[in-house]
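Structure first, commentary second.
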């Protein structure tokens, strides 16, 4: 592997969930925004927006939805939004109809723009010595989140991002081996769970060292457990919430 500042920063990424009680400076915010703004965008549609939540009531409401105590607490909370409203308004104000804006294809392009922008923002934050954690949990109740944020139709919150000055130094979480996720030309169908024995041991050791009093099993046992077992959650309403926003209708 080639080592430089950027690659070392990326492969040593750790999710930070505990921050010092200090907000980002205006210069740090601008840097994060500029990095997100210049991210690759599908068809130059630029279908994302960022909400920076600074109102304590909104922070608390999102924290309640996410059910995680650090969300909207120390540091700065951002919600990254797939935004087709802006382009809808451009078309309307130029005398046109919505065209393909309600299709799943265009919505997926907005999702891609949004996720890429978030990753650029996080990379920029970490380059300044800040830490961050990506928050899928903000969508635990998508309809409620849309209401709390006051979002118009044709927008949808995709992910949250909490950024701040790290107040913890977590271990580097082991990822799947490269030979399990990278392939040349053809996708292999001869997968065997036995190929993950060494990785399972790494994951078990990681959790044992992190919290010896709370037994968390191997990677394969986690995949085979409650995370993916059949059960109803509020996130099962995501498709209906999307449709309520006028998105991915066809």
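Every number here is computed from the coordinates shown, using simple stated rules; none is lab data. Keep in mind that this is a model prediction, so the values were computed, not measured. Virtual Cβ from ideal backbone geometry, glycine too; neighbours counted across all protein chains shown.
Points to keep in mind about this one:
- Calculated on the alpha-carbon coordinates, the convex hull of the stretch 36-107 measures out at 137 cubic angstrom per residue.
- Projected over all directions and averaged, the alpha-carbon convex hull of the stretch 5-170 occupies 10.3 nm².
- Helical runs assigned H by DSSP (4 residues or longer) give the chain a calculated mean residue ellipticity at 222 nm of -11500 deg cm²/dmol, each run adding -39500 (n - 2.57) before division by the residue total.
- Between 0 and 90 degrees, the angle of helix 56-66 with respect to the longest Cα principal axis of the chain falls at about 60 degrees.
- Within the stretch 5-170, percent of DSSP bridges classed antiparallel, to nearest 5: 95 percent
- Neighbour counts of C-beta atoms inside 10 Å place 83, 195 in the sequence 195, 83, starting with the fewest.
- Peptide packing: for 3-9, 136-142, the average count of neighbouring Cβ atoms within 10 Å per residue gives the ranking 136-142, 3-9, highest mean first.
- Distance from the C-alpha centroid of the stretch 221-250 to that of the stretch 15-48: 27 Å, rounded to the whole angstrom.
- Where Rh is the Kirkwood radius over Cα pairs, Rg/Rh for the stretch 162-250: 1.09
- Selected from 209, 118, 24 as most flexible by GNM, with the chain as the system and alpha-carbon contacts under 10 Å: 209
- Cα-based helix-to-principal-axis angle, 197-210 vs the chain, degrees rounded to 10: 80 degrees
- The stretch 63-138 and the stretch 160-198: distance between their alpha carbon centers, rounded to Å: 24 Å
- Spherically averaged projected area of the convex hull of Cα atoms, the stretch 86-208: 12.8 nm².
- By average C-beta atoms within 10 angstrom, highest first, the peptides 92-103, 32-43, 152-163: 152-163, 32-43, 92-103
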